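Chemist: Okay, handing you the structure first.
The values are calculated or read from the model by the stated rules, or taken from the named source; none is laboratory data. Values in this document were obtained by computation on a predicted structure and should not be read as measured data. A quick note on method: Cβ atoms are made from the backbone with ideal geometry, for glycine too, and the neighbour counts reach across all protein chains shown. Each accessible area value is taken on the protein alone, full model and side chains, heavy atoms only, with ligands, DNA and RNA left out. Shrake-Rupley method; radii C 1.70, N 1.55, O 1.52, S 1.80 Å.
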Protein chains: 2
Amino acid sequence: MSQSRTRSARRNLQITSPRLWASLMEMARIGGTPKGGCKRLTLTELDRQGRDLFINWCRQAGCSIKIDRMGNIFARRAGTDDSLPPVMMGSHLDTQPTGGKYDGILGVLGGLEVLRTLQDHGIKTKHPIELVNWTNEEGSRFAPAMLASGVYAGVYTEEFAYSRQDSEGQKLGDALVAIGYQGKDEMSGRKIHAAFELHIEQGPILEDENYDIGVVTHGQGIRWYEINLTGFESHAGSTPMPTRHDALLGAARVIEAVNSIALNHAPLAVGTVGMVNNYPNSRNVIPGSVFITVDFRHPTDDVMTAMEQELKAAVVKIDRDLGITSEIKSVFYFPPVAFDPNCVDAVRRAASDLGFKHRDIVSGAGHDACYLARVAPTAMIFTPCVDGISHNEAEEISEEWAAAGCAVLLHAVLESAELRES
Amino acid sequence: MSQSRTRSARRNLQITSPRLWASLMEMARIGGTPKGGCKRLTLTELDRQGRDLFINWCRQAGCSIKIDRMGNIFARRAGTDDSLPPVMMGSHLDTQPTGGKYDGILGVLGGLEVLRTLQDHGIKTKHPIELVNWTNEEGSRFAPAMLASGVYAGVYTEEFAYSRQDSEGQKLGDALVAIGYQGKDEMSGRKIHAAFELHIEQGPILEDENYDIGVVTHGQGIRWYEINLTGFESHAGSTPMPTRHDALLGAARVIEAVNSIALNHAPLAVGTVGMVNNYPNSRNVIPGSVFITVDFRHPTDDVMTAMEQELKAAVVKIDRDLGITSEIKSVFYFPPVAFDPNCVDAVRRAASDLGFKHRDIVSGAGHDACYLARVAPTAMIFTPCVDGISHNEAEEISEEWAAAGCAVLLHAVLESAELRES
């Protein structure tokens, strides 16, 4: 079959949107919250139920199952040349404590819908196709986030991952054994032909600008800092303004500086102070010490470095002006990711062929695909989400958005896995 | 005896500094902390022990004891005309949870040293002299502060005071009965001839400028506000800067505004944001709501009103610039106090006569004297404290400062109570 005939045959293939939506809703019942969100923390009994359901569905779709030592589940659909490296899809089924029904889950069940569609039509591909559910993407029970895809990509050791503890002191390794999901299959180290992660945007851009699909070209680099500001605790009534050393006033100035630094590097930079712990936090005491966190993101390392220098300079000036002492610690670095141009092209082509309004976009959040990109040609597909809300029980998408994302995933995977006459 | 002879006789009278210091140290052992501070919360068993010791000392100094229904203890030394209104001294023996040895205690035991000195020399005064220990000045176990002097002055009802609860739900009225200090004597409503409260400054001015004595002319007015800022919680990575509604950035701007407003009304105004509660307080989430408190103080109501207007205007602008919504609530008002000019003159004269370096000063903190001033001609005497530190186990004063403050108290009281030939 010629290239154009193949492409046209692929384009006619359609996913079954109500089936995808029904599966999303069924999975959402496991850990469903009264507010319509989902609480399915990684490696809990609810996560086990979700995994069992997922495996059951994948087997029904004709897949074989393998589970690695991190509990990552690989559902495999054979290729006509099954010795070739697989085309991968997938994301994660775990959620935040007050999470939604789609963050991660859309990428897993969208992949399932791809597999079901191929089965419905008896379609064969040259390359095998694998659908993955990554363990502990959220990092909210066991920090850090994207832990098991990180192990897969060689970023973390298994020992490090196993030793992570939740707030009650349980170790990740023990939790994995407890729910019966510590597998034995050796899955990493293999060559992967291409990999695609479908995900909700978790930001407002696509919806605001009325796009159906985001073609994710880059993942933002992330740098996290912790700043301890130390001033001098004293009485709010009897300490004249010129003799104060107000650590909270210092923190306020750092918050303003972080905002300005991000704006200096518009439009792609973001900067956020998310945490403030103020001491002694009493209404008639001038705060003596304050802890804040800073989150900087940008798709290039040069700009991230400039932002760090601007932050340090701002803090030196604030310290000097207020007579306080601030200590900046760099606590996390996630390098910018440039996704594989061929995979990105496959996504863009699929979106165009299907007639979806699409734009290139940078992922501001971290995803399993950002680690996978270190060991496989990888790209991501974004769908809009309502008001950009995510990590929230109010997280919402439309059935149409889910179907569009899934269709793009199907066609990008089909192009990469090479459709064969059925 | 002529006025000048009386004044000269008074000036020769000296307190016994080591005795005052020893009493301060003995009282500090009741609730003494390993760090050298004191934890003697109001109406606890330790407070009972402190009260018992105080009463014992007062009886030894020749006083009769009365206790009112709020547990305020009045130690009375008769005057030659005992029907005349008394001259009052006093402060409080209760402390903060991590408090010091002097805040309040110096005013009570300094008054005791005055009584002991009069007894030593068999001195008679025309007016009776009363030394008071006020219940629950600190307000840290039962809010609000200065509660029992407030009841004495008619600011609060007894029922209101009795119904105040500590963090474990115990009512003040029950705690008072439990330690056996709910008296029956009716002490308020009487005419008082003059009242003096000796207290540590709780600020850095006197020590910084090398003064022995602060002649307190005014008490700052205090206004407390609570501000709830509501923005929109969203993902720190995937929300572009222009679409954010960051409640914490709003709070940072309010903190800066509060500082500027106080500086606009230099040198007497102070403004403090002491509390910040940030939600959800997660390093990769743009804060959706923030609670802060504002404390404004100034000795005149006109300026306090101007400061409030400036705060409200600043918040309107911040809301508009950031697309957030802030609600300001006024939660506490303590009017400025102008102390009685004759009593203030008596303090200033005593300090001058004794050769102490003194300056007029405004009290930034609230004191029992601020309420007492509503029903009696009142003034305060400040002594320096090291680095202005108070409400802290590190609170410190020198024996010389304590002695100077006590000597000024003695001579101000003697002038008011009218020395008689002994």
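A quick yes/no check of all residues on (1) crowded, with 24+ Cβ neighbours inside 10 Å; (2) closer than 26 Å to B:Thr293 by Cβ; (3) modelled with pLDDT under 95:
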{"position": "B:Arg190", "(1), (2), (3)": "no, no, no"}
{"position": "B:His199", "(1), (2), (3)": "yes, yes, no"}
{"position": "B:Glu207", "(1), (2), (3)": "no, no, no"}
{"position": "B:Val215", "(1), (2), (3)": "yes, no, no"}
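Chemist: Considering region A:248-267 alone, what residues qualify as being free of Cβ contacts under 8 Å to residues at least 60 places away in the same chain and either of a type in the set (D, E, K, R) or facing chain B (nearest Cβ under 7 Å) (or both)?
Modeler: A:Leu248, A:Ala252, A:Ile255, A:Glu256, A:Asn259, A:Ala262, A:Leu263, A:Ala266, A:Pro267
Chemist: Taking the conditions exactly as written (at pLDDT below 95 and either open to solvent by less than 40 Å² (accessible area, probe 1.4 Å) or at negative phi (or both)), does B:Phe334 satisfy them or not?
Modeler: yes
Chemist: Let me ask another. Considering each residue of region B:369-388, count those that are within 14 Å of chain A (Cβ to nearest Cβ) and surrounded by fewer than 22 Cβ atoms within 10 Å (Cβ to Cβ), and give that number.
Modeler: Selection size over region B:369-388: 2.
Chemist: On to the next question. Check every one of the helices (runs of 4 or more DSSP H) wholly within region A:1-113 and list those with 2 or more residues that are at pLDDT 95 or above and open to solvent by 10 Å² or more (accessible area, probe 1.4 Å).
Modeler: A:17-28, A:45-60
Chemist: Six or more apart or on different chains, Cβ atoms under 6 Å: show the pairs whose first residue is in region A:354-368 and in the same structural domain as A:Leu147 (by TED's automatic domain parsing) and whose second is assigned to a strand (DSSP E or B) and open to solvent by 50 Å² or more (accessible area, probe 1.4 Å).
Modeler: Partner pairs satisfying both residue conditions: A:Val362/A:His218.
Chemist: Further, regarding this structure: Do we have B:Gly122 as in contact with a Leu (Cβ under 9 Å, 6 or more places away or on another chain) and more than 20 Å from A:Arg283 (Cβ to Cβ) here?
Modeler: Taking the combined requirement at face value, the residue does not satisfy it.
Chemist: I'd like to verify a number: residues in region B:268-287 that are more than 7 Å from chain A (Cβ to nearest Cβ) and open to solvent by 20 Å² or more (accessible area, probe 1.4 Å), how many?
Modeler: Restricting attention to region B:268-287, the residues satisfying the condition of being more than 7 Å from chain A (Cβ to nearest Cβ) are B:268-269, B:271, B:277, B:279-280.
Filter once more, so that each one left must be open to solvent by 20 Å² or more (accessible area, probe 1.4 Å): B:268, B:277, B:279-280.
Counting residues in region B:268-287 that are more than 7 Å from chain A (Cβ to nearest Cβ) and open to solvent by 20 Å² or more (accessible area, probe 1.4 Å) gives 4.
Here is a yes/no grid of residues against (1) of a type in the set (Val, Ile, Thr); (2) within 14 Å of another protein chain (Cβ to nearest Cβ):
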| site | (1), (2) |
| --- | --- |
| B:Ile129 | yes, no |
| B:Phe142 | no, no |
| B:Glu158 | no, no |
| B:Gln165 | no, no |
| B:Leu206 | no, yes |
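Chemist: Now for a different question. Just wondering, is there one or more residues in region A:183-199 that are under 18 Å from the mean Cα position of the chain (by Cα) and within 14 Å of chain B (Cβ to nearest Cβ)? Write out each step before concluding.
Modeler: Of the residues in region A:183-199, the ones under 18 Å from the mean Cα position of the chain (by Cα) are A:195-199.
If we keep only those that are within 14 Å of chain B (Cβ to nearest Cβ) too, we end up with A:199.
Yes: one or more hits.
Chemist: Sticking with this one: Can B:Gly104 be described as touching a strand residue (DSSP E or B) at 6+ places or on another chain (Cβ under 6 Å) and not hydroxyl-bearing (Ser, Thr, Tyr)?
Modeler: For B:Gly104, the condition - touching a strand residue (DSSP E or B) at 6+ places or on another chain (Cβ under 6 Å) and not hydroxyl-bearing (Ser, Thr, Tyr) - is met.
Chemist: Do we find a residue being of a type in the set (A, V, I, L, M) and surrounded by fewer than 24 Cβ atoms within 10 Å (Cβ to Cβ) anywhere in region B:126-135?
Modeler: Initially, region B:126-135 is screened for residues of a type in the set (A, V, I, L, M), giving B:129, B:131-132.
Retained after the next criterion (residues that are surrounded by fewer than 24 Cβ atoms within 10 Å (Cβ to Cβ)): none.
Within region B:126-135, not a single residue is of a type in the set (A, V, I, L, M) and surrounded by fewer than 24 Cβ atoms within 10 Å (Cβ to Cβ).
Chemist: Next question, about the same structure. So which of A:Glu396, A:Glu327 is at pLDDT 95 or above, outside the structural domain of A:Phe232 (by TED's automatic domain parsing), out of contact with any Ser or Thr (no Cβ under 7 Å at 6 or more places or on another chain) and open to solvent by 50 Å² or more (accessible area, probe 1.4 Å)?
Modeler: The unique qualifying residue is A:Glu396.
Chemist: Then there is this: Out of the residues in region A:237-247 meeting the condition of being modelled with pLDDT of 95 or more and surrounded by 24 or more Cβ atoms within 10 Å (Cβ to Cβ), tell me which one is farthest from the other protein chains (Cβ to nearest Cβ).
Modeler: Step by step, filter region A:237-247, then rank; the result is A:Ala247.
Chemist: Can you tell me which of (1) closer than 22 Å to A:Val331 by Cα; (2) at pLDDT below 95 is the one A:Glu233 doesn't meet?
Modeler: The failed condition is (1).
Chemist: Let me ask another. Among (1) at the interface with another protein chain (Cβ under 8 Å from one of its Cβ atoms); (2) open to solvent by 40 Å² or more (accessible area, probe 1.4 Å), where does A:Ser234 come up short?
Modeler: (2) is the only condition that A:Ser234 fails.
Chemist: Checking the conditions here, which among A:Ile324, A:Ile318 is among the hydrophobic types (A, V, I, L, M, F, W, C) and over 30 Å from B:Gly99 (Cβ atoms)? Write out each step before concluding.
Modeler: Details: A:Ile324 fails: over 30 Å from B:Gly99 (Cβ atoms).
Only one candidate passes the filter, namely A:Ile318.
Chemist: Additional query: Going by the conditions given, is B:Ala365 open to solvent by 20 Å² or more (accessible area, probe 1.4 Å) and either within 12 Å of B:Glu197 (Cβ to Cβ) or at pLDDT below 95 (or both)?
Modeler: No, not satisfied.
Chemist: Collect the residues in region B:145-160 that are touching a residue at least 24 places away in the same chain (Cβ under 8 Å) and either surrounded by fewer than 24 Cβ atoms within 10 Å (Cβ to Cβ) or under 15 Å from the mean Cα position of the chain (by Cα) (or both), keeping them in residue-number order.
Modeler: Selection gives B:Ala145, B:Met146, B:Leu147, B:Ala148, B:Ser149, B:Gly150, B:Ala153, B:Gly154, B:Val155, B:Glu158.
Chemist: Report every pair of residues separated by at least 6 positions or lying on different chains whose Cβ atoms are under 6 Å apart, first residue within region A:268-294 and in the same structural domain as A:Pro242 (by TED's automatic domain parsing) and basic (Lys, Arg), second open to solvent by less than 10 Å² (accessible area, probe 1.4 Å) and assigned to a loop (DSSP other than H, G, I, E, B).
Modeler: A:Arg283/B:Gly274
Chemist: From the list A:Tyr211, A:Tyr225, which one is part of a loop (DSSP other than H, G, I, E, B) and either modelled with pLDDT under 95 or more than 7 Å from every other protein chain (Cβ to nearest Cβ) (or both)?
Modeler: Exactly one residue qualifies, and that residue is A:Tyr211.
Chemist: Is it true that A:Leu414 is surrounded by fewer than 24 Cβ atoms within 10 Å (Cβ to Cβ), in contact (Cβ under 8 Å) with a residue 40 or more places away in the chain and touching a helix residue (DSSP H, G or I) at 6+ places or on another chain (Cβ under 6 Å)?
Modeler: Taking the combined requirement at face value, the residue does not satisfy it.
Chemist: Looking at B:Ala145, B:Ala78, B:Ala61 in this structure, which one is in contact with a Gly (Cβ under 6 Å, 6 or more places away or on another chain) and among the small types (Gly, Ala, Ser)?
Modeler: Only one candidate qualifies: B:Ala145.
Chemist: What tally of residues in region B:161-180 results from selecting those that are in a loop (DSSP other than H, G, I, E, B), within 16 Å of B:Asn72 (Cβ to Cβ) and open to solvent by 40 Å² or more (accessible area, probe 1.4 Å)?
Modeler: Within region B:161-180, residues that are in a loop (DSSP other than H, G, I, E, B), within 16 Å of B:Asn72 (Cβ to Cβ) and open to solvent by 40 Å² or more (accessible area, probe 1.4 Å) number 2.
Chemist: Quick check on my filter: what residues within region B:288-320 are open to solvent by less than 10 Å² (accessible area, probe 1.4 Å) and under 25 Å from the mean Cα position of the chain (by Cα)?
Modeler: Residues satisfying the conditions are B:Ile292, B:Thr293, B:Val294, B:Asp295, B:Phe296, B:Arg297, B:Met304, B:Met307.
Chemist: So which residues in region B:388-422 are of a type in the set (Gly, Ala, Ser) and touching a Gly at 6+ places or on another chain (Cβ under 8 Å)?
Modeler: B:Gly388, B:Ser390, B:Ala394, B:Ala402, B:Gly405, B:Ala417, B:Ser422
Chemist: Continuing with the same structure: For region B:139-160, enumerate the residues that are among the small types (Gly, Ala, Ser) and closer than 21 Å to A:Arg283 by Cβ.
Modeler: B:Gly139, B:Ser140, B:Ala143, B:Ala145, B:Ser149, B:Gly150
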